[in-house]
1. Taking N as the number of residues in segment A:645-783, what is its Cα Rg relative to 2.2 N^0.38 Å?
2. Percent antiparallel among DSSP beta bridges with both residues in chain A, to the nearest 5?
3. Give the average over all directions of the projected area of the C-alpha convex hull of segment A:772-824, one decimal, in nm².
4. What dipole magnitude, in Debye to the nearest 20, does segment A:787-847 give about its Cα centre under +1 on Lys/Arg Cβ and -1 on Asp/Glu Cβ?
5. Packing-wise, with mean Cβ within 10 Å as the measure, how do A:617-630, A:397-410, A:343-356 rank, highest first?
6. Quickly work out the A:ALA620-to-A:ARG822 label distance, labels modelled 7 Å from Cα along the C-beta direction, and quote it in nm with one decimal.
7. Order these peptides, A:446-457, A:804-815, by their mean beta-carbon neighbour count within 10 angstrom, highest first.
8. Taking the Cβ of A:ARG200 as the center, what net charge do the other residues with Cβ under 14 Å away carry, scoring Lys and Arg +1 and Asp and Glu -1?
Amino acid sequence: MLTTPFCDKIPKWSCVRRINVLKERYDFKEIEGKWQKYWEAENLYTVPDFSQRPKYYCLEMFPYPSGKLHMGHVRNYSIGDVVARFKTMKGYNVLHPMGWDAFGLPAENAAIKHGNMHPAEWTIDNIDTMREQLKQLGISYDWNREIATCHPGYYKWTQWLFLQLYKHGLAYKKKAAVNWCPSCATVLANEQVKEGSCERCKTIVEKRELEQWFFRITNYADRLLDDIKLLEGWPEKVKIMQENWIGRSEGAEIHFPIEGLEESFTVFTTRPDTVYGVTYMVLAPEHPLVEKIIDDKPQAAEIREFVNNVRNLSEIARTATDAEKIGLFTGGYCINPMNGEKVPILVANYVLLEYGTGAVMGVPAHDQRDFEFARKYNLPIRIVIQPDGPDLDPDTMAEAYSGDGKMVNSGPFNGTPKEEGIKAVINYLEEKKLGRGVVNFRLRDWLISRQRYWGAPIPMIYCPQCGVVPVPEQDLPVLLPGNVEFKPTGRSPLADSPDFVNTTCPECGKPARRETDTMDTFMCSSFYYYRYTSPRDENAVWDREKVNGWLPVDQYIGGVEHAILHLLYSRFFTKFLYDVGLIKNIEPFTNLLTQGMVLKDGAKMSKSKGNVVSPEEIVATYGADTARLFILFAAPPERDLEWSDQGVEGCYRFLHRVWRLVAPMSEELLKAPSGFDGKPAGVNREMRRLTHATIKKVTEDTGNRFNFNTAVSAIMELVNGLYQYKELPETDRDPAVMREAVEHLLILLAPFAPHITEELWAGIGHRDSIHRQPWPEYDPEAIIEDEITIVVQLNGKVRERVLVPADITPDKMKELVLAQPRVQNMIEGKQVVKVIPVPGKLVNIVVK
RNA sequence: GCGGGCGUGGCGGAAUGGCAGACGCGCUGGACUUAGGAUCCAGUGGGGUAACUCCCGUGGAGGUUCAAGUCCUCUCGCCCGCACCA
């Protein structure tokens, strides 16, 4: 399935040796198909692993093969293709691969829906369709490196990497309350739950106590956070999102002994300086000590009911902002270790077991949430931080005070300022072994088990004798069984497949059972960009020399929806792979471009809104070059793009315009000299100036700023200029100037519209691909102007324009401008306060 | 609530603090044409004028500056992300 169909009937490049005869009319249908075949037959986009040229790794996020390409894909891959083609022409050895994120639920759901269609069949059909579409778009992928994560040759290494993580203690199994999507019939990672709902199907997620596999991404929390500063080529927005997601906070853990029990519980607080202000204590309803505390209390029944209610609530109901904060007294007390005070213990719905320690100290005077809670339940409020100014009064204060101040009512710490107090209390806690300073992260371990079939099986075996045993590496891959049934039972087909489940223990050889969960597909996509460097290697996950030669990815391009999920997981994997010596880079993606969405009528294209424009139809009607050009021209890449059928027409017209400019003069251009005798002057000089100014602008906009829209507009201006130039009497024109302009026009346009430019390039006598031409350098001499028009401002308002020599000095500029009769008129009777010359631009005269 | 982004013609969008509106779409007029939804030419922010580089104009209000769409302060509106995080 991964071999690219090879057409042996295609004529070789050598057949183009004859001069291509250009038709009168631009016929994209003929041109695009023709060149796509040539490119493929000539392996034009095959890239060697090692080269004298400097490397450049240009990567676009690989798609899930959902059926057909949508406009978002077209945008993503058009952007990537411009970058790849540009860098190639700039002299880089460019790795530009494509593959398929091919495991996942839709395939399995389709299998259930369509009876006996195997997910593999569905997936492969889709891959074939989408690969064909990508080829029709003329994207310059090296298809020899194509991968699909559902291929055993790939998921063998997914499993192998799982084993490496396991070996290093980073994969573990634990029982936990996890997110369960009833519709997808599987658990989800925290990152895959948005506002309490399943990210994929929007079903409200439930909590279930299950034993599941996790990756210890939290071990890397500090490095993932610290190294964000290395990501200079990433959008600020994405970095901030990751920072927030990791959610580092410094504080302290404090142990509070429970009265009448030999146990204590621990709270996490960022404000240990307020510990003398504790007037109550709150445990999460699921906190393991709740049962022990209430056991002998009269409140026990009531609390149990409350705990059950909260436990059964969906995440969304529980965490809604407007959810009422409900707390109940347990009847139990704990002791504040700082001052020996007896403090009532409550349970409340707003305390989350998963964050910190699942227990919170209530300091109503200095925490707004505690304050509101205390007011509601008439709990005492005690001031322990006093700012400069009038004394805070617990009875009259309207909100908590969380600012700076000095500690009061705090025994030996009285008078210590807040920040110092935090440190002092932590020191004291550590000295007396009552607690310690800690850093807490919001990030939680990555839950990777999925109770579904269409994923990479987790390579573990459960032996009654030996316990949990990893599958030996030489036994990989653990293959998905072929003959299973897909029924809407909500159970994984793997669990119902005896052939798969029953195995023998690799250690003792006795009967044992396989793990039947598969891995989160984000695992598959966390390392695919490494695998592209050794896509067919059967003996190693990749070749060290190749992977270290290519990585890191120089430019990564994709949707911002992966700001956390895929990009954080990939960073985690990268750090792990670095630690175990499999790679040498510590971050995977040097530069990241997050492209905006494609909108229609102001909304994201979606079937339900009925505003979908199909790439298929656009390509069929206008051709790939038009589709690409429009999508690149309509907006800068990071911004959302509003689809416009009329805009597409405009780009189509433009390509026709290019055709009509070049095709009729191909004979003339063939005869034109390719160099200059002497310096072009007059109109010819102007034409050359435009040509070289365009080279400059397109090079900057494409290479440095990724503003493809302005690059395209510059090319359009060049075309407009060429049309004017063409209209001049033949005796005034210089064929060499024309030739230079047209050739450069085609080269500059080539990364955007690769087919038409290739055809015209061949049509004006070239025998090699335009996509193998070096990117032109502009001639600084050519863009120098002799005379420029500068603006004369009077108090900042434009009043006059003056033609001056381009190399005029500022002083001379002043002089010349002031000498203008019109300027003389304007300033007559007024006092000239100041004259500000801006070289090359303007002179501003300030008068009173 | 916190964080980020964005407000410019009829529309998509251009403008290292230096001529606001490049380029494209749309629209208006004209040419060519049996025809035009092809192509070419001209015009196209608003207002005023016989005319003119006359006035106004980048969501709103201030400020900095010789000069502000651009920098600063406040404010309004929209979009996105996170959200009882202790």
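1. 1.00
2. Bridges in chain A are about 75 percent antiparallel.
3. 5.4 nm²
4. 260 debye
5. A:617-630, A:343-356, A:397-410
6. 5.8 nm
7. Peptide ranking by packing, descending: A:446-457, A:804-815.
8. Taking every Cβ under 14 Å from that of A:ARG200, the sum is -3.
The values are calculated or read from the model by the stated rules, or taken from the named source; none is laboratory data. What you see is a predicted model, and the numbers here were worked out from it, not measured in a lab. Quick reminder, even Gly has a Cβ in these numbers, built from the backbone with ideal geometry, and neighbours come from all protein chains shown. Quick note on the areas: whole protein, heavy atoms, side chains included, nothing else; ligands and nucleic acids left out. Shrake-Rupley method; radii C 1.70, N 1.55, O 1.52, S 1.80 Å.
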